[in-house]
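Remarks on the structure that follows.
The values are calculated or read from the model by the stated rules, or taken from the named source; none is laboratory data. Computed from a predicted structure; not experimentally measured. A quick note on method: Cβ atoms are made from the backbone with ideal geometry, for glycine too, and the neighbour counts reach across all protein chains shown.
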């Protein structure tokens, strides 16, 4: 274990005999501990510290769908599910606003981005029209998803279907951004080269 840690220093102070004359195992035994227990204590301490550092996002779920969550720890997005009384048919080229029943309360300098689900886009041509949709910190109303059917077939949406994903992301809001009007801007290598000007090669 880490001999510079506060945990080890505390154990040394509790050792009944002279710790300088004892090996690590003997020191631990003298205070009723073993290396496996100490390792678990240190791991729990690290996880506790990580938990305190996490961004706190409050939400209200007015649907009877399961609460949003990151399925895996390293996932960026949380599934957004349709909150419907009846199925909706999204015809080819049609646009509809789909409610989710979810409301969020975000901390300062955070936004929620509403993004398409790759499976729906690839298999059915269903995507979020204003992707990524922006949910500002000041908005605490219901999250509704603008879906468009770019496929050739009608698409059925049922209550509880995963229709999009929400990503909590840091953002530079108006609170921290100052816009300075100028008569002339500095020169860059690209200058006024337009969208797509660099080609594909």
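Observations, loosely collected:
- Among the residues of the range 49-64, the ones that are over 15 Å from residue 106 (Cα atoms) and either touching a strand residue (DSSP E or B) at 6+ places or on another chain (Cβ under 6 Å) or part of a loop (DSSP other than H, G, I, E, B) (or both) come to 3 in all.
- Taking the numbered list (1) in contact (Cβ under 8 Å) with a residue 40 or more places away in the chain; (2) surrounded by 11 or more Cβ atoms within 10 Å (Cβ to Cβ) in turn, residue 129 passes all entries but (1).
- Taken over the range 151-161, residues that are in contact with a helix residue (DSSP H, G or I) (Cβ under 8 Å, 6 or more places away or on another chain) and exposed (fewer than 13 other Cβ atoms within 10 Å of the Cβ) amount to 1.
- Restricting attention to the range 65-79, the residues that are crowded, with 19+ Cβ neighbours inside 10 Å and in a loop (DSSP other than H, G, I, E, B) add up to 2.
Residue by residue, here is whether (1) at pLDDT 95 or above; (2) surrounded by fewer than 14 Cβ atoms within 10 Å (Cβ to Cβ) holds:
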position	(1), (2)
8	no, no
21	no, yes
30	no, no
33	no, no
40	no, yes
81	yes, no
85	yes, yes
89	yes, yes
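- Residue in the range 162-172 that is in a loop (DSSP other than H, G, I, E, B), surrounded by fewer than 10 Cβ atoms within 10 Å (Cβ to Cβ) and either in contact (Cβ under 8 Å) with a residue 40 or more places away in the chain or in contact with a helix residue (DSSP H, G or I) (Cβ under 6 Å, 6 or more places away or on another chain) (or both) present: yes
- Residue in the range 132-140 that is out of contact with any helix residue (DSSP H, G or I) (no Cβ under 6 Å at 6 or more places or on another chain), in a loop (DSSP other than H, G, I, E, B) and crowded, with 18+ Cβ neighbours inside 10 Å present: no
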